[in-house]
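Remarks on the structure that follows.
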Amino acid sequence: MQYVDEFRDPTLAKALVAQIEKTLADVPDALKPLQVMEVCGGHTHTLFKYGILQLLPDDIEFVHGPGCPVCVLPKSRLDQCIAIAEQPETIFCTFGDAMRVPGSKGSLLDARARGCDVRMVYSPMDALELAQKHPDKQVVFFALGFETTMPATAMTVQQAQRLGLTNFKIFCQHITIMPTLTALLNQDDVRIDGFLLPGHLSMIIGTKPYQPLVDDFAKPCVVTGFEPLDMLQALLMLLVQFKERRCEIENQYSRVVADDGNPNALKAMAEVYSRKQQSEWRGLGVIEGSGIALSDAYAAFDAEAYFQPQQVSACDPEGSRCGDVLSGRCKPTDCPLFGKPCSPQNAIGALMVSSEGACAAYYHYRTVPTGEGQ
Amino acid sequence: MCLGVPGKVVGITDAAGLLAHVEVSGIKREVNLGCVVNGATDELVGKWVLVHVGFAMCVIDEAQAKETLAALESMQALEHELDDFSQRSHLDAGNVDASEGGA
Ligand code: SF4
């Protein structure tokens, strides 16, 4: 088993679509069109890449959620990254996804063109290696991402401590998903009927932390894998919940997600991080309890304390509707800036940068609007 | 950004540092096993793990994967039976292109 091709079988996909159509017929009409939020940008990407949206009945609409850390990275935070990268004798390391996100004075790529030492890394461990190689420089890793990426940063910081490195720092932009989902559901004009929950984030935290979505908001949920069959099967499971008027957290991705998550990862996270009061999200504003900082025990590795970059709030460009797209209030094509001037080559909002951003997905894969295909 | 790719642990490179070679679509790279190790690192050789930013994040559960596929296949078998029964043909309308490469 290779765990990839098996979950892309087109004949099985057809059978699943047929089941979805049948099950949808038994879902109460009052719920239609169903608004299903796929929280994770990876899921948004799968939906577009495999043309899944075109296969599905019109009565199922997807609301592309805020689960793409690059898409919700606020301008002000990016400006701070650049301020750190501009410091002398500093190497600023980041994942490729964050390189092109526009700040108010351009992107990290622009900063590099101006002569800053900005490097793209695949893993936080690569940044640690750079710190070992360059003891005369401060090496800063821009730690970006949800719970999926947090354990990797945590274990890297623990390793830096074991090695006694004093020139390795973390600029922490980790964020946590649940406060954002509940903040979205608390807004009156946002309608979401059910959730396809992020598979890889859940592999870390497990399925239990989502319980408030069921208990407090009565939203059926399915933890979902990333291959096309995973997504179709999860959608079918969600529809069956609607049909049977059940409301539970189900797990489609059991080959990867255990109910209790990953104990080693959670232990490292508990040691290295503490929760910040609040964090700013691009397009969504400040969300209470969604931010993560280094714990006191690891404060020596905190780039924010070391460099103290100024925090200046920066507004999103006039006319942009990034926040409305992120919360499902409108589609990317409803934004007056979509396509022109905002495009992947000249991104104005962050949703146009990452391939997981809803706007970039619409831009790349927009061939025929849903419903007019075949 | 939260993508992970399945890969097979082919050998331990540094048992104390919890590092191993993992083969992902034919390419070998060094991966940290800190999140998945529960005892001797050797026990992980030959296992499939999900790799994300240089770390193995979980051991993929083969029994669960088989169960998921079996559920899909039995659903398809049922679908065929019903299909023959009602002679419906509209199922051919859709087409998923599965030939494209991995994400
Ligand atoms: S098109 Fe650009 S500006 Fe408009 S919502 Fe999308 S990313 Fe934001």
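Worth pointing out:
- The value for the stretch A:323-362 of Rg(Cα) / (2.2 N^0.38 Å) is 0.99.
- Size descriptor for the protein assembly as shown, Kirkwood hydrodynamic radius: 23.1 Å (Cα pairs only, one decimal).
- The helix-only estimate of mean residue ellipticity at 222 nm for chain A, built from DSSP H runs of length n ≥ 4 each weighted as -39500 (n - 2.57), is -10000 deg cm²/dmol after division by the residue total.
- Here is the tail figure for the stretch B:11-62: Cα pairs spaced more than 18 Å apart come to 16 percent of all pairs.
- Proximity of backbone amide H atoms, modeled 1.01 Å from N, is registered between A:Gly225 and A:Tyr253 at under 5 Å, excluding neighbours fewer than 5 places apart on the same chain.
- Scanning residues 5 or more positions from A:Ser343 or on other chains, those with amide H under 5 Å from its amide H are A:Ile348, with H placed 1.01 Å from N in the peptide plane.
- Relative contact order %, chain A, counting alpha carbon pairs below 8 Å whose residues are six or more apart: 23
- For the segment B:57-65, counting C-beta atoms of other chains within 10 Å of every residue's C-beta and taking the mean gives 6.
- Average other protein chain Cβ within 10 Å of Cβ, residues B:74-81: 4
- Remark: the stretch A:9-15, residue by residue, has Karplus-estimated 3J(HN,Hα) of 5, x, 6, 5, 4, 4, 4 Hz, where x stands for each Gly or Pro and the curve is 6.51 cos²θ - 1.76 cosθ + 1.60 at θ = phi - 60°.
- Gap separating the Cα centres of the stretch A:97-122 and the stretch A:317-357, nearest whole Å: 20
- Distance from the stretch A:211-228 to the stretch A:234-249 (C-alpha centre basis), Å: 10
- Gaussian network model of chain A, Cα within-10 Å springs - most flexible of A:Val27, A:Val157, A:Val101: A:Val27
- The shape of the stretch A:146-212 comes out prolate: with a ≥ b ≥ c from the C-alpha gyration tensor, a/c is at least 1.5 and a/b beats b/c.
- Peptide A:221-234, shielding by other chains (average Cβ, 10 Å cutoff): 2
- The lysines whose alpha-carbon is closer than 18 Å to the alpha-carbon of B:Lys66, local same-chain residues fewer than 8 away aside, are B:Lys8, B:Lys47.
- Pairs exceeding 25 Å between alpha-carbon atoms, taken from A:Lys75/A:Lys331; A:Lys219/A:Lys331; A:Lys49/A:Lys219; A:Lys32/A:Lys331: A:Lys49/A:Lys219.
- The reciprocal of the average 1/r between distinct C-alpha atoms defines the Kirkwood hydrodynamic radius, which for the stretch A:59-322 equals 19.6 Å.
- Relative frequency of Cα-Cα separations exceeding 24 Å in the stretch A:148-262, percent: 36
- Pairs of Cα atoms farther than 17 Å apart, the stretch A:1-121, %: 69
- Between helix A:75-85 and chain A: long-axis angle, C-alpha atoms, 0 to 90°, nearest 10: 30
- Test item: Cα-centred dipole of the stretch A:68-187, Lys/Arg +1 and Asp/Glu -1 on Cβ, debye: 100
- Its Kirkwood hydrodynamic radius, worked out from the mean inverse distance over all distinct Cα pairs, puts the stretch A:9-78 at 13.9 Å.
- Rolling a 1.4 Å probe across all protein chains gives A:Phe226 an accessible area of roughly 20 Å².
The values are calculated or read from the model by the stated rules, or taken from the named source; none is laboratory data. Computed from a predicted structure; not experimentally measured. As a convention, Cβ positions derive from the backbone with ideal geometry for all residues, glycine included, and neighbour counts pool all protein chains shown. These accessible areas exclude ligands, DNA and RNA; they are computed on the full protein's heavy atoms, side chains included. Shrake-Rupley method; radii C 1.70, N 1.55, O 1.52, S 1.80 Å.
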